[in-house]
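Bear in mind that the values in this text are calculations on the coordinates, not laboratory data. Because the structure is a prediction, the values reported are computed rather than measured. Glycine gets a Cβ as well: all are built from the backbone with ideal geometry, and neighbour counts include every protein chain shown.
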Amino acid sequence: MNKDWDGKRYHTLNYFLRNKFGCKIFKISLDAGFTCPNRDGKISTEGCIFCGPRGSGDFAGTAYGLAEQFHEVRNMMNKKWKTGKYIAYFQAFTNTYADVETLRKKYYSILGMEDVVGIAIATRPDCLPEDVLELLEEINNKTYMWIELGLQTVHERTAKIINRGYGLDAYIASVSELKKRNIEIVTHGILGLPGEDKGEMLQTVDFIANTGTQGIKLHLLHLLKGTKLEEMYRHGEFQLMSMEDYVATVVDCIERIPGDMIIHRITGDGPRDTMIGPMWSLKKFEVINAIDHLMMDRDTWQGKKYVGKSKKYVP
Ligand code: SF4
């Protein structure tokens, strides 16, 4: 059993990409100008209760066109890092929610840029119709690609509370369609959702660990100004996680994730201007250090408590 990924006790995206490409790889977050069916009225006008005005793309470039955004971020990175290659990350809103020709133009416009070695596309499981799947398969055969699916929770009760707007069956079906086409998948889970205890959070991670997706992103629930979540918080309907709780929960999650699954994220710093809490999460490196230290104290590593497919969590 692997217990060490270049000095880390878990299988980081950095480790994976450096081994795959032989150099430092940067992700460049983009806002391609899409919207989301959970916000434009097709499913709902409310959106997921935690979603801010930038559709979970708070760190995407701010210039207008995709090429300008790409160059803006790349130029910033070049000041610090002289070498490296790039993965274009379609992050904001739902990045497969348009007609297939529009999608084709946007994806290929970025793939043609110098030093772009791959593409990552964040979307919803209910926004992958057949023609879009065909386009994704075509691109997957030409370059390195992964698709990110925002599952957030395995529990249907919580999915209703957060107004996710699709059922678990949609996630399962889209994973199956993407896998049929050999497309890599990264599943997002959120820790600290209203009404969930630690046992339920771990059930979500156990479920993701056995879906056969290549990667996982663990998010801390961020409370942003102007969201439905803010209202619920003001009414005392849930509490934000403390750093101590979060760190211990993340380490419990990491222990249950199989060693070959790539961990794309274990924390994140929210948008400082609209964030209400938890403010400790803005010190991202302190959180990561605390996770590393707790893993050392427990002498634990990714996969140590992986239950295996035979005992997978089924809701
Ligand atoms: S699916 Fe994404 S963009 Fe759409 S409302 Fe939910 S978090 Fe926001």
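For the residue pairs Lys283/Lys305; Lys160/Lys217; Lys8/Lys304, alpha carbon separations beyond 19 Å are given by Lys283/Lys305; Lys160/Lys217.
Can you give me the Cα centroid spacing of region 246-265 and region 185-204 in angstrom? If we compute the Cα centre of each part, the gap is 12 Å. Report note on the peptides 16-23, 5-12: ranked by the mean count of other C-beta atoms within 10 Å, highest first, their order is 5-12, 16-23. Need one word for the chain: rounded, prolate or oblate. Basis is the Cα gyration tensor (sqrt eigenvalues a ≥ b ≥ c); a/c below 1.5 gives rounded, then a/b vs b/c decides. Verdict is rounded for the chain. The antiparallel fraction among DSSP beta bridges confined to region 13-298 stands at about 5%. Of the residues Ala173, Leu149, Ile162, the one whose Cα sits farthest towards the positive end of the charge dipole of region 133-199 is Ile162 (charges of +1 on Lys and Arg Cβ, -1 on Asp and Glu Cβ, taken about the Cα centre).
Between the listed residues Pro125, Tyr89, Val205, the Cα displaced farthest toward the positive end of the dipole of region 13-298, a dipole computed from Cβ unit charges relative to the Cα centre, is found at Tyr89. Note on Lys85: aspartates and glutamates with a C-alpha under 19 Å away, same-chain residues under 8 apart excluded, are Glu68, Glu72, Glu114, Asp115.
Ordered by the count of other Cβ atoms within 10 Å of each Cβ, fewest first, Met261, Met275 give Met275, Met261.
Counting neighbouring Cβ atoms within 10 Å and putting the fewest first, the residues Tyr97, Tyr64 line up as Tyr64, Tyr97. Taking the chain as a Gaussian network, Cα atoms linked when under 10 Å apart, which of Leu282, Leu193, Leu224 shows the biggest mean-square fluctuation? Fluctuation is largest for Leu282. Would you mind calculating the relative contact order of the chain from Cα pairs under 8 angstrom and at least 6 residues apart, reporting the percent as a whole number? It comes to 18 percent, rounded to a whole number.
Here the dipole of the chain is about 720 debye; that uses its Cα centre as origin and unit charges on the Cβ of Lys and Arg (positive) and Asp and Glu (negative). The alpha carbon gyration tensor of region 58-169 gives principal lengths a ≥ b ≥ c with a/c of 1.5 or higher and a/b greater than b/c, which makes the shape prolate. For Ile185, the residues whose modelled amide H falls within less than 5 Å of its own, excluding neighbours fewer than 5 places apart on the same chain, are Ile147, Gln214, Gly215.
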